[in-house]
Amino acid sequence: MTEEHLDRMVRDADPYRPDVIGRLDGAKQALLEEIMSQPTLDRVVESPQPRSRPNRGLVRRLAGPLTAAAALIGILAVVTVHGAPPENRQAAPTETVGPTSAGPTTSVVFSPVALKAAEENPRLLVDEPGWQVTNVYGFAEKQGTIAFRNGKRQLDMNWYPADQYDGYHADRRHVSDPEAVKVDGWPGDVFRYSANDFAVMLRPRDGVFVEIRAAGGDRTEFDRILTHVVRVDVRTWLAALPPEIVTPDRVDEQAAKVLADIPLPPDFDRAALADVGTNDAYQFGAQVTSRVGCAWIAEWQRAKRAGDEAALRRAADALRGSHNWKVLHQMNAEGDWPEVFWETADKVVAGQPVRYAEALGCA
């Protein structure tokens, strides 16, 4: 596989690529083009010292698109506010989720960590039967995505830090003139990409702003759907997530499963995984293996510079052994992340130039 092929796989990992909804989201397209055009963001394993440390914010903005390759496109669960939470979600008699439009009252317990993470995001749901979650990732550092699908219609909710609002809004003005709208009392602007592709950018609130984009259906249908988008309380939002979603209170449990057969780099901090946010299984696997891979590459580079042959062999064996990691094989049928990971690891061990920081999202 060539370096050009790797670049193409990284670009194709965006969940909004053309074969999914017809075109890239404007901001993500601009971001990917920005990164691909800036060689100063690369780290090449042959260099004794990193060239320039990539901007941490830029890396985190890219983390979703890079690791989102075809993540759980199949239906996971009904998440409209009408429906009760999945039966296999752990329940306890202490916390109560009140009924919404038509749903029953449900008792569910959530950890303080999960409640805090949910409190810091807008907590928007589609209050109409038939809409189902297909992707969830992010919600760390006031950024995240939930994608819904109802038949051929798709609705994506992306939120970002409020200080990025002006830049995104200016970008969308190149798409069309804004039209004022409100979503559950939250003011925003609608932008038209095509006759059946619309987005509404909600104004900053509580430190974030939200962009809701829909593909399929005309403007009348888009406006109708928006009337069913509601902001809910913390426990209702958490209870609506499918059980497959890894919320902050389940990170330790799921990380133990992912890491069961993976050798850990020296001083690897499992506790640091608490900041990965809320993710579906694919995204969580990518987040965890990214950190392990980046740490092993850093150890490989350290050992090579120090002439530590024993440590160099251990790092090389761990990176080569990634071809046997169970989680990557489980993910391989759903997207390109495992292929990107293996390609990158193999090139590092072979001493070939590779933009590993960009490919694996290393901070």
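The values are calculated or read from the model by the stated rules, or taken from the named source; none is laboratory data. Quantities reported herein were computed from a predicted structural model and do not represent experimental measurements. No Cβ is skipped: glycine too gets one built from the backbone with ideal geometry, and neighbour counts run over all protein chains shown. The accessibility values were calculated without ligands, DNA or RNA, using every heavy atom of the protein model including side chains. Shrake-Rupley method; radii C 1.70, N 1.55, O 1.52, S 1.80 Å.
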List the GluC sites (Glu not before Pro) in the stretch 173-222 that DSSP assigns to loop (not H, G, I, E or B) and whose Cβ has at most 13 other Cβ atoms within 10 Å. Which are they?
none
So for each of 229-242, 115-128 I average, over its residues, the number of other beta carbons within 10 Å; can you give me the resulting order with the highest mean first?
229-242, 115-128
Furthest towards positive pole of dipole, Leu155, Gly185, Tyr168, structure part the stretch 135-203, Cβ charges:
Leu155
Which of the listed residues, Ala239, Ala256, Ile212, is farthest toward the dipole's positive end in the stretch 193-280, when Lys, Arg count +1 and Asp, Glu count -1 at the beta-carbon?
Ile212
Qualifying lysines (Cα of each under 28 Å from Cα of Lys152; at least 8 residues distant if same chain):
Lys28, Lys182
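Using a probe of 1.4 angstrom, how much of the accessible area of the stretch 105-194 is carbon and sulfur, in percent?
51
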Output needed for the stretch 235-314: three equivalent-ellipsoid semi-axes, defined as square roots of 5 times the C-alpha gyration tensor eigenvalues, in descending order, whole Å.
32, 10, 9
Reach of Lys304 by Cα under 22 Å, taken over lysines that are not fewer than 8 positions away in the same chain:
Lys347
